[in-house]
Every structure is written in C-alpha cells, then in structure tokens.
Amino acid sequence: MTQLDAILALRPRLSASGLGIAGLRPAVLVWLFSLVFGTLMIAVTPPLRGPDETAHFVRAYGLSQGIVIPRQSDTQSRKGIEMPATLFDGFRYFETVRTNEKTAGFSYAQAFRNYAARPGLPEAATDGEERTVFVRYEGSEGYSPVAYLPQAAAAFISRAIGLDFLATQYAMRFAGLVAMTAVIAAAVAMAGPLGWAFLAIAMLPAALYGRATINADGAAFAFALMVAALAIRGSVAATSRSLPGWTFLCVLAKPSNIAFLALDVLRRPLRSVPRQWPVVALIALPALAGALAWTLLSSGDVAAWRLVELTGTPIHEFDPVWKLGYLAHHPLHFPGQMLGMLQVTSPAEFGRQIIGVLGLFDVVLARWTYPAIALLMLATFFVRLDMARRDRLLLARAAGLTALGYALLVVFIFYLIWTPVGAADIWGVQGRYLVPALPLVAMAVAALVNRAPGLRFTAVCALSAATLSGIASAEAVLRSDWAWRGFL
C-alpha cells in the first residue's frame with residue numbers, strides 16, 4: 001500500500017472518531033479564536049467590570065488562601081476573607097471607580113493614570129505579620145470551588161511572587177480563559193458535525209466574556225458543553241470513562257446545571273433505563289451527592305442580607321425551604337411571577353442578553369450585530385448526524401427536554417432565593433445564564449432536521465459568527481468604558 005492509499009484509508013476512521021474535518025479543524029480554531037479574542041477582552045475590560053466580578057474575585061482569592069468552605073465573618077455575621085492590605089489597596093481603588101457615577105465622556109484611561117500617580121502602596125508591618133483587611137464575599141460564598149480552580153491557582157502563584165492587584169487580577173482572568181478554552185476545545189473535537197455549531201456558541205459575546213472575566217459562568221458553560229458533546233457521541237466507552245466525571249464538574253459548577261443529569265437518561269429508550277440502572281447511577285449519583293453535600297456544607301449561602309437591606313423584606317422570604325412551603329399553599333404564585341418577568345423583560349430582550357449584553361447591562365453591542373450573530377449561529381445548527389432515525393429522535397427528545405428543564409430551573413432558583421413574595425416578577429434572571437442551553441438547542445435542531453447545506457457553508461457561518469462576536473465584544477467595551485466613538 002502506498003503512503004497516499006494509507007492516508008485515504010485512514011480518513012474515514014478520523015471522521016468517525018470526531019477528529020476529521022468536522023472535529024479537528026473547529027477544535028483547533030476555537031483555541032485560536034478564544035485565545036486571541038479572549039486575551040483582547042481581558043485587556044480592554046477594566047478591572048472588576050465583569051458581571052459580579054468583585055464578588056467572584058474575592059471567592060477565588062479566598063480559595064487561594066485555602067478557604068474552601070467560608071466560615072469567617074464580621075460582627076454582622078457576613079462572611080468574607082482577610083485580604084492583604086497591599087492587594088486591597090488596588091482592589092478598593094478600582095471597585096470605587098466601578099461603583100462611582102460616571103460623567104459624560106468618562107474613560108478608564110484617566111482612572112489608570114490616576115492609579116499610577118497615587119502615593120506608594122502600604123508597606124508590610126515591621127513585625128513580620130502581613131496587615132489584612134476584611135472583605136465580604138457578597139453572594140459568592142455559596143459557589144462551589146469547582147468554578148474557580150484555575151483562577152485560584154493563579155491567585156496562589158501571584159501571592160507567592162508578590163504581584164500587585166492589577167497583575168493578580170489579569171493573571172486570574174488569563175488562567176480561567178486558558179483552562180476553560182481547553183475544555184471547550186475538547187468538547188468541540190468530540191461533537192462531530194456539530195463542532196462548528198459549538199464553536200459559534202462558545203464564541204458568543206456572552207460566553208467569551210464569561211471566561212475572560214472572573215466568575216462562575218465560564219466553567220458552567222464549558223463543563224455543560226462537554227456533557228453535551230459526550231451525549232452526541234453516546235458511546236459506551238465515553239459513558240463509562242468520561243461522562244461521570246464531567247457530569248460531576250458540570251453540576252457542581254452551578255446549581256442550575258443539575259438539569260444536565262436528564263440528558264443521558266433521556267437519550268436512552270425509557271424501557272431500557274431499568275436494565276441499565278448501574279450505568280445511569282454511575283453518572284447521576286456522584287453528581288447528585290456532590291451537589292447535595294456542597295449545599296449542606298455551604299448552607300446554600302447567597303448573602304440574602306443584601307436583598308434585605310435593599311428592600312426591607314423579611315429574610316425568611318429568601319429561604320428556599322420557606323419559599324417551597326409558601327408555594328405549596330399558593331401553587332400559582334411561581335407561574336404568575338414568571339409571566340410578570342416576561343412582561344418586564346421580553347423574550348426578545350432575553351435573546352439579546354443571550355447573545356451578549358455585557359458588564360451590568362451597560363455594555364451593549366452595536367444594534368445590527370445581534371441579528372447577524374444570531375442568524376450565523378443558527379445556520380450552523382443544520383447538519384447531518386450519522387445516526388439511525390431512532391437514535392436521532394431520542395437525542396432530540398433528550399436535548400429539547402433538558403434545555404427546557406434547564407431554563408425553567410434557572411428561573412425557579414431565582415424565584416426561590418432572590419425574589420420577594422410581593423414582587424410582580426422574578427428578580428435576577430439574565431440571558432447569560434441561559435447560554436449553556438444553546439448546545440442542547442443545536443443538538444435538537446440537528447437531530448430533527450438532519451439536513452445540511454454543506455460543510456464549507458457551515459464552517460464559513462461559524463467562523464463569521466466567531467469573528468463578528470469577538471470584534472463586536474471588544475468594540476462595545478471600548479465604546480462603553482474607554483470613550484471610543486465606535487466603528488460598527
């Protein structure tokens with residue numbers, strides 16, 4: 001056999017394993033696009049400007065100090081960490097800049113110049129003990145360590161070599177970007193024909209921003225994408241070796257990801273589930289046990305005192321157990337508040353937020369980029385899956401119901417822990433929380449339609465969506481935070 005014959009004989013096996021043109025190329029390209037545009041987003045996004053990045057920075061930094069289960073609290077029983085005074089100096093400065101009211105034409109360029117011109121940083125105590133300042137978590141104390149492992153590692157190294165706040169924060173951001181990009185690339189490689197769709201989804205401004213700043217969104221999305229990719233493969237080997245571990249990480253990254261436990265069960269014929277209970281249990285039970293154990297250890301703490309201070313509402317209304325009891329006596333209360341939420345925030349606005357409304361709803365992309373990115377992304381969903389019709393229908397059922405269950409669970413969690421009984425709608429729900437459901441939507445569309453315009457067309461749409469997403473994200477941040485005039 002000639003060398004050419006050997007290569008031609010190898011090509012079908014590469015495609016079947018997900019490492020051919022449908023697997024390797026999008027996996028390599030997602031590395032390129034994610035690192036290039038992700039690094040750009042790290043550079044242009046001012047310190048602590050990511051969604052709730054202040055609270056997540058404190059949580060990740062606390063983990064670097066070995067604080068896995070938050071216990072330390074102030075005189076008002078509000079949990080936090082002791083932050084080195086030298087680090088707190090920069091932390092406080094940029095948090096003050098972030099929260100202060102901005103004048104017309106404000107630019108972070110002036111904030112950085114002022115930061116550089118400040119007096120010298122606090123020096124270490126002469127007695128050899130480092131001075132510290134107590135800093136509250138403010139809502140991040142209930143998050144599992146799983147979501148912050150790369151950032152915590154970067155914070156540990158930064159502290160060991162004496163980096164200041166700015167260097168520490170950028171190191172933590174970059175560590176999260178690289179680690180979550182690695183998970184995403186592996187998922188894209190295993191997704192077969194849907195690899196291009198997964199690339200387009202992973203490069204959405206909301207998804208890119210999530211892993212380029214310090215928060216739990218990057219890990220929640222990356223681990224969910226991996227679970228979805230394994231469900232597409234659906235092989236016994238993948239299920240027995242990889243799926244339990246990834247499902248465990250996925251569920252621990254964010255409570256709403258527990259919905260992904262249904263994906264493996266629903267892609268099996270229901271009559272076969274009782275016979276396959278050992279495999280199902282191997283996948284589901286460790287994740288369920290881990291989620292339950294963490295909830296008990298952390299007391300499900302979400303710093304409800306913030307809402308009490310803001311609204312004057314009795315604190316028991318943010319207690320999930322009390323709220324479930326209330327719902328048992330008022331079963332229409334949750335549906336009523338959910339309808340109110342859709343009146344306050346329309347489905348179209350949620351769609352924009354899923355694509356990417358960055359910062360704290362104050363960094364908006366150019367208007368025309370939203371439909372353009374959405375259409376390009378949707379075009380990548382139409383691919384042919386090399387599955388029997390029965391298996392495709394099972395995959396569509398599993399993906400569709402899991403996506404619906406995930407969205408409802410996100411809303412229900414915010415109803416339980418974030419919304420007063422007397423509110424007209426459910427508070428706190430944002431479109432960025434729904435991004436992990438998009439791979440499931442792509443799977444359902446592909447499995448039901450099973451028609452494709454051609455691999456080259458799909459690849460062009462995915463790469464166009466990724467490029468536009470990266471450029472539009474950077475342009476929006478530069479326009480919002482750096483007083484650029486904009487070019488889109």
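Of the helices (runs of 4 or more DSSP H) lying entirely inside the stretch 94-211, those containing at least 1 residues that are without any contact (Cβ under 8 Å) to a residue 60 or more places away in the chain span 108-116, 149-161, 165-190. Report, ordered by the first and then the second residue, all pairs with beta carbons closer than 6 Å, sequence separation of six or more or different chains, a first member in the stretch 289-307 that is over 16 Å from S256 (Cα atoms), and a second member that is among the β-branched types (V, I, T) and modelled with pLDDT of 70 or more. Taking only residues 6 or more apart or on different chains, the pairs are L297/I69; A304/I315.
Please work out if P70 is in contact (Cβ under 8 Å) with a residue 40 or more places away in the chain, in a helix (DSSP H, G or I) and more than 19 Å from the chain's Cα centre (by Cα). So P70 does not fit the description; no.
Consider the stretch 129-161 and keep the residues that are of a type in the set (S, T, N, Q) and farther than 14 Å from I69 by Cα. The one that is farthest from the chain's Cα centre (by Cα) is T132. Out of R352, R367, which single residue is part of a loop (DSSP other than H, G, I, E, B) and modelled with pLDDT of 85 or more? The conditions single out R367. Would you please name the residue that is surrounded by the most Cβ atoms within 10 Å (Cβ to Cβ), looking only at residues in the stretch 428-480 that are assigned to a loop (DSSP other than H, G, I, E, B) and touching a residue at least 60 places away in the same chain (Cβ under 8 Å)? Once the filter is applied, the top-ranked residue is V429. Determine whether D391 is assigned to a helix (DSSP H, G or I) and over 21 Å from L488 (Cβ atoms). Answer is yes for this residue. Being at pLDDT 95 or above and surrounded by fewer than 19 Cβ atoms within 10 Å (Cβ to Cβ) holds for only one residue in T103, T126, T45, T39, and it is T39.
V36: outside any loop (DSSP other than H, G, I, E, B) and farther than 22 Å from F134 by Cα, yes or no? Taking the combined requirement at face value, the residue satisfies it.
The values are calculated or read from the model by the stated rules, or taken from the named source; none is laboratory data. Only a predicted model underlies this, so the values are computations on that prediction, with no experimental measurement involved. For neighbour counting, all protein chains shown are included, and Cβ atoms are generated from backbone atoms with ideal geometry for every residue, glycine included.
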